[in-house]
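Presented below is the structure to which this report refers.
The values are calculated or read from the model by the stated rules, or taken from the named source; none is laboratory data. Please read these numbers as outputs of a predicted model, since none were measured by experiment. Note that we place each Cβ from the backbone using ideal geometry, even for glycine, and neighbour counts take in every protein chain shown. The accessibility values were calculated without ligands, DNA or RNA, using every heavy atom of the protein model including side chains. Shrake-Rupley method; radii C 1.70, N 1.55, O 1.52, S 1.80 Å.
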Amino acid sequence: MNSIESNLESVRRRIETAAEKAGRDPAGVRLVAVSKTHPADSVREAFGTGQRVFGESRVQEAIGKIPLLPSAIEWHFIGHLQSNKIRKALPLFDLFHGVDNGELAVQMDRIAAECGCFPRVLLEVNVSGEGTKFGFQPEHLCGAITDLLALPRVQVVGLMTMAPYSEDPGAARPFFSALRRLRDDLQQQTGTPLPELSMGMSGDFEAAIAEGSTLVRVGSAIFGDRPKKEIGPDFPNP
Ligand SMILES: *Cc1c(COP(=O)(O)O)cnc(C)c1O
């Protein structure tokens, strides 16, 4: 068995165990295999084991990769979307995880009307309050949510967050719990279901599943390490 296949098997088993421990149906947790920086061949290999959902964080890279790969793949955009990339990104992705400000959502809505599409999005929340992170401040989102839900094209289906990096996987759990509670409050406030919670990466997805994650974004635990520096127009250096 090659390493991508065995890594995927191990990640799937860990997802299942974490879901069962939390009393959840493992089918309620979807694995987004984060293939950014990795070649199309690696994606094809993962696809061969049955993986169908993949995440990319740079529009330019995705434009090169997606046409080389099976159309049965569901592509998710997990990064910070720059407004000058919206038009190119809209037709490529089934779900946008990182919609991190209201202006971006409004621009996506306007361009979606021109493209005739209805993008599904998750609102990124900065629950840790770290200055370097993108995302809505939780208290601002409570004010902004009604307008965001009223956008005719953009479909808000949930929330996303990134926990601060830590060696201790349990350290992320309070941030995931905060995102879930914020989601519950917003649902209460608006009466609109927000079923998706995108939280958990290679280092902390089990803690995220314990707190209700429905989408885990796992890269290095599947594909191995990426080059250390990820600096570029779609991934600014903080
Ligand atoms: C790169 C990335 C991931 C995957 O990170 P790993 O630690 O490699 O699992 C998840 N989410 C986002 C937003 C990312 O940019």
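Each helix, a run of at least 4 DSSP H residues, gives -39500 (n - 2.57); summed and divided by the residues of the chain, these come to -11500 deg cm²/dmol at 222 nm.
Between Asn7, Thr49, Val121, the Cα set farthest toward the positive side of the dipole of the range 7-121 (charges on each charged residue's Cβ, about the Cα centre) is that of Asn7. Rounded to the nearest 20 debye, the dipole magnitude of the range 1-119 is 100 debye, with +1 charges on Lys and Arg beta carbons, -1 on Asp and Glu beta carbons, and the Cα centre as origin. Of the residues Leu31, Leu159, Leu149, the one that moves most in a GNM of the chain with alpha-carbon contacts below 10 Å is Leu149. In a simple Cβ point-charge model (Lys, Arg +1; Asp, Glu -1; nothing else charged), the chain has a dipole of about 360 debye relative to its Cα centre. Pairs of Lys residues in the chain, spaced 8 or more positions apart or belonging to different chains, with C-alpha separations under 30 angstrom: 19 in total.
If R0 is 22 Å, what FRET efficiency do you get for Glu9 and Lys88 from their C-beta distance, rounded to 0.05?
Details: r = 34 Å, r/R0 = 1.57.
Efficiency, from the Cβ-Cβ distance: 0.05.
Please list Thr17, Thr161 in order of solvent-accessible area, largest first, computed with a 1.4 Å probe with all protein chains present.
Numbers: Thr17 80, Thr161 0 Å².
Correct descending sequence by accessible area is Thr17, Thr161.
Modelled label positions at Thr17 and Asn2, each set 7 Å beyond Cα in the direction of Cβ, lie 2.6 nm from each other. Ordering Gly135, Pro67, Gln107 by Cα displacement along the dipole of the chain toward the positive end leaves Pro67 in first place; charges were set at the Cβ atoms of Lys, Arg (+1) and Asp, Glu (-1).
When a/c is below 1.5 the answer is rounded, else prolate if a/b is larger than b/c, else oblate, so apply that to the range 138-224 with a ≥ b ≥ c taken from the square roots of the Cα gyration tensor eigenvalues. Don't jump to the answer; show the numbers that get you there.
On the way: a/c = 2.57, a/b = 1.87, b/c = 1.38.
Here the range 138-224 falls in the prolate category.
Charge dipole (Cα centre; +1 on Lys/Arg Cβ, -1 on Asp/Glu Cβ; no other charges) of the range 50-160 amounts to roughly 380 debye. With Cα atoms defining each centre, the range 49-89 and the range 158-177 are spaced 24 Å apart in the structure. Here, the chain has an Rg and a Dmax of 17.0, 51 Å when only alpha carbons are counted.
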